[in-house]
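Take a look at the structure below.
The values are calculated or read from the model by the stated rules, or taken from the named source; none is laboratory data. As the structure is a computational prediction, the values presented were derived from the model and not from experiment. Heads up, the Cβs are rebuilt from the backbone with ideal geometry, glycines too, and the neighbour counts pull from every protein chain shown. Accessible surface is based on the protein model in full, side chains and every heavy atom, while ligands, DNA and RNA are left aside. Shrake-Rupley method; radii C 1.70, N 1.55, O 1.52, S 1.80 Å.
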Amino acid sequence: MRSEIKLYPGKINLITALVADKEGKIFELEGYAAVGMAADDFTPLSTGNTINMPYGGEFMLLPDRSPVVFNLKTNRLETLKENPYSSGDPVFPVAAFNSPGYVISHVSAYREKKTAKHLPLFSYGAVGWHEGGFRTGVILVDSEKRQDLRLMPPEKVISGARAMKKKMPRNRLRDHIENCALRYGCPAAKNFFLGRYEAPLPTSKNCNAACIGCISLQKESGIRNSQDRISFTPSPEEIAEIALEHIGKVKRSVVSFGQGCEGDPLLAAHVIEPAIKLIRSKTGSGTINMNTNGSLPETMERLFDAGLDSIRISMNSVRKECYDAYFRPKGYSFSDVIKSIDKALDKKIFVSINYLNCPGFTDSTEEQAALFNFLKRHPVDFIQWRNLNFDPLRYWKKMSGAASVSGAAGIKKLLSMIRKEFPDLKHGYFNPPKEKF
Ligand code: SF4
């Protein structure tokens, strides 16, 4: 870790560091600037590389870790073992879990203590304090209000769930989505009951990957999964009933297979294919989308022929070694994923990449070069920039163990380089309706 940072007086408006005490109380540390990290690169945060914290973000205290801050007097980076203004009092790093539509440019800066365990499955954005408000190291990639909590009043979600229960009392999928909306607070499930944008169609109990960051199933990892996986396979009729309800009342609607509360939908194609045909036998409206790992190209082709409009393929990297280190595929290989993408492009299906982003890795020289090469050979339509929900230090270790990782260009620079090199490629966060393809 470089400790001395050269400053350009007057040019940079540094923001104040935030730490938390052992009760979890967050406070600013006068005399110290906040710092963001991207693998081994530590950068003081300023008004130039942060924005006002978007509404809906949450704060997290990072246990068994020490914050890295920038001492404005000594012009040096420091790892704080205790509160510099109250000797003996421990302080902890603070991170921001930012709201949807914002991609992280800097991770909260910290060092692990020996006792540190794996962090839960969230993303850990850098955050600081400035002129009476919080600022975070993020970049806006999608301004759509699809998951803006201010537009999703809980009482309306509850009344919507009640109305759907009356309308389709025996639909097990409706019951499952109700649990997701009311118990887990899933925005996609809430939007179904609010009649907005995109509705979820979870179907699959199983998966043929074992992602280290899987939010629906964690085995022997010491990490808790964020929600439980669906425990049954809905029938084509139950799926179509939910989809037709949503399409029937929402303009530019999207209905999506492949949610956080299931395995991979391709392993439930035996119910999805007839469900799509059932939906399309009733209406041509709405966009039928699938979020998937893209592992089964032949199955994908059958679903395209059935009427699937768009796919979103999840990837943390387009380099096989890094992909395998994260997805841990069982019975398929990265080349199958590529085959699925090429089949979709051949059939003019709208293809998005669900790009699991982590500063320090995603913007590394090797990742950038591999991505450019991939985009030239497989001209997908859209990149959805998703913040990787995983312990950043352990992720960098895992990825640099799988392949070479060097030189972080910065996510902002990476985004502008991609926009320049691939002007037709769209960027965002949410699955677009076909009216926006
Ligand atoms: S592909 Fe999805 S469901 Fe399967 S292991 Fe990965 S995150 Fe979990």
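Listing for the model above:
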quantity	calculated
Condition met for Ile158 (out of contact with any Gly (no Cβ under 7 Å at 6 or more places or on another chain) and crowded, with 19+ Cβ neighbours inside 10 Å)	no
Failed item, numbered, when Gly185 is tested on (1) open to solvent by 20 Å² or more (accessible area, probe 1.4 Å); (2) within 16 Å of the ligand (Cβ to nearest atom)	(2)
One residue from Ala275, Ala199, Ala268, Ala306 being out of contact with any Ser or Thr (no Cβ under 9 Å at 6 or more places or on another chain) and in the same structural domain as Phe430 (by TED's automatic domain parsing)	Ala306
Qualifying residue in segment 120-137 (condition: assigned by TED's automatic domain parsing to the domain that holds Tyr55, farther than 29 Å from Ser295 by Cβ, without any contact (Cβ under 8 Å) to a residue 60 or more places away in the chain and not acidic (Asp, Glu))	yes
Close pairs from segment 242-269: first of a type in the set (Phe, Trp, Tyr), partner part of a loop (DSSP other than H, G, I, E, B), Cβ under 9 Å, at least 6 apart	Phe257/Leu201; Phe257/Pro202; Phe257/Thr203; Phe257/Ser204; Phe257/Leu308
Residue tally, condition more than 11 Å from the ligand (Cβ to nearest atom), in contact with a Pro (Cβ under 9 Å, 6 or more places away or on another chain) and not hydroxyl-bearing (Ser, Thr, Tyr), over segment 197-236	6
Candidates Cys207, Cys211 - the one that is open to solvent by 10 Å² or more (accessible area, probe 1.4 Å), at pLDDT 95 or above, in the same structural domain as Lys277 (by TED's automatic domain parsing) and touching a Cys at 6+ places or on another chain (Cβ under 8 Å)	Cys207
First in segment 82-111 and assigned by TED's automatic domain parsing to the domain that holds Asp363, second anywhere and at pLDDT below 95, Cβ under 9 Å, 6 or more apart	none
Evaluation of Leu217 against (1) touching a helix residue (DSSP H, G or I) at 6+ places or on another chain (Cβ under 6 Å); (2) part of a loop (DSSP other than H, G, I, E, B) (one fails), failing number	(1)
Unique residue being away from the ligand (no atom under 16 Å from the Cβ) and part of a helix (DSSP H, G or I) when the list is Ile247, Ile272	Ile247
Candidate set: segment 287-312, residues that are touching a strand residue (DSSP E or B) at 6+ places or on another chain (Cβ under 9 Å) and touching a residue at least 60 places away in the same chain (Cβ under 8 Å); chosen: the one nearest to Asp336 (Cα to Cα)	Asn293
Candidate set from segment 159-182 (those that are touching a residue at least 60 places away in the same chain (Cβ under 8 Å) and part of a helix (DSSP H, G or I)); member that is farthest from the ligand (Cβ to nearest atom)	Lys167
Selection within segment 423-437 - open to solvent by less than 30 Å² (accessible area, probe 1.4 Å) and over 18 Å from the mean Cα position of the chain (by Cα)	Leu425, Pro433
Test set (1) among the β-branched types (Val, Ile, Thr); (2) within 26 Å of the chain's Cα centre (by Cα); (3) farther than 26 Å from Val380 by Cα; (4) open to solvent by 10 Å² or more (accessible area, probe 1.4 Å) - Thr299 fails condition number	(3)
Count of residues meeting criterion [among the β-branched types (Val, Ile, Thr) and within 20 Å of Glu78 (Cα to Cα)] in segment 18-53	4
All positions within segment 321-370 that are of a type in the set (D, E, K, R) and within 16 Å of the ligand (Cβ to nearest atom)	Asp324, Arg328, Lys330, Asp336
Failed criterion for Ile242 (all others in (1) away from the ligand (no atom under 16 Å from the Cβ); (2) open to solvent by 20 Å² or more (accessible area, probe 1.4 Å); (3) more than 24 Å from the chain's Cα centre (by Cα) hold)	(2)
Single condition Ser335 does not satisfy, out of (1) without any contact (Cβ under 8 Å) to a residue 40 or more places away in the chain; (2) under 16 Å from the mean Cα position of the chain (by Cα)	(2)
Qualifying residues in segment 120-132 (those that are part of a strand (DSSP E or B) and in contact with a strand residue (DSSP E or B) (Cβ under 6 Å, 6 or more places away or on another chain)) - the one surrounded by the fewest Cβ atoms within 10 Å (Cβ to Cβ)	Trp129
Scope segment 86-105; condition open to solvent by 30 Å² or more (accessible area, probe 1.4 Å), within 28 Å of Gln147 (Cβ to Cβ) and part of a loop (DSSP other than H, G, I, E, B); matching residues	Pro100
Selected residue (criterion: nearest to Thr115 (Cα to Cα)) from residues of segment 59-80 that are open to solvent by 20 Å² or more (accessible area, probe 1.4 Å) and of a type in the set (Val, Ile, Thr)	Thr79
